[in-house]
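Below is one structure, written out as structure tokens; the observations come after it.
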Amino acid sequence: MDSLRKLEEIFARFPGIGPRQARRFVYYLLNKSPASIKELADLIEEVKKTTAECSRCHRFFVGTDSKIVACPICLDQTRDASSLMVVARDSDFESIEKSGAYKGLYFILGGTVPILDKEAEKRVRLKPLLERIAGKASGIKEVILSLNATPDGENTAEIVKEAILKTATGKRIKVTILGRGLSTGAELEYADTDTIKSALKNRH
């Protein structure tokens, strides 16, 4: 495989990108100047070096101090520590945080569990989530499952809810799911602010 096809293949692995779009990316780059290509490559390298994964919520954030292992939101004492919102990906977190409708803490699952998949632990961060909720220092009283209104999202919500209720013994944990506002098949990442606010208000 030549370098051109290999680059197309790499772009095609990006979420939501098909072979045709991947090819467009390649030809777009071929038409850019060497300086532009270098700028892009340098920026990718810089992002990789300066971005860390939060040890608490597992979202990626830009940190200036390598000694800090938690993101600004997890360290923010003004956030409601009794509420934990579980989302599939960083992009979902961005959409909810941008809406300004939620002031609690987060946990990034890292994906969803497809229907009929029997190994949820290999697909998402289920064990770290349960450990965070069950921890002695945890003051979590409500877990809000904010997952896509898709078959995989709903399947994941059921798996996570069942696991939380089974393991959080001795703790009064309320598990809620986003309510009306998100239509069937909707992806949280693309929901507008009013839809997110409505879904949060009507969680059940």
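Taken together, the values in this text are just the output of simple stated rules run on the coordinates, not laboratory data. Note that the coordinates shown come from a computational prediction; the quantities given were computed from them, not determined experimentally. Here the Cβ positions follow ideal geometry from the backbone for every residue, glycine too, while neighbour counts run over all protein chains shown.
Table for the structure above
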{"item": "Qualifying trypsin sites (Lys or Arg not before Pro) in region 123-157, DSSP loop, other Cβ atoms within 10 Å at most 16", "result": "Lys136, Lys141"}
{"item": "Protection proxy ranking, peptides 33-41, 5-13, 52-60, average beta carbon neighbours within 10 Å, highest first", "result": "52-60, 5-13, 33-41"}
{"item": "Convex hull per residue volume in Å³, alpha carbons only, for region 49-131", "result": "121"}
{"item": "Calculated P(r) of region 3-53 - Cα pairs past 19 Å, %", "result": "39"}
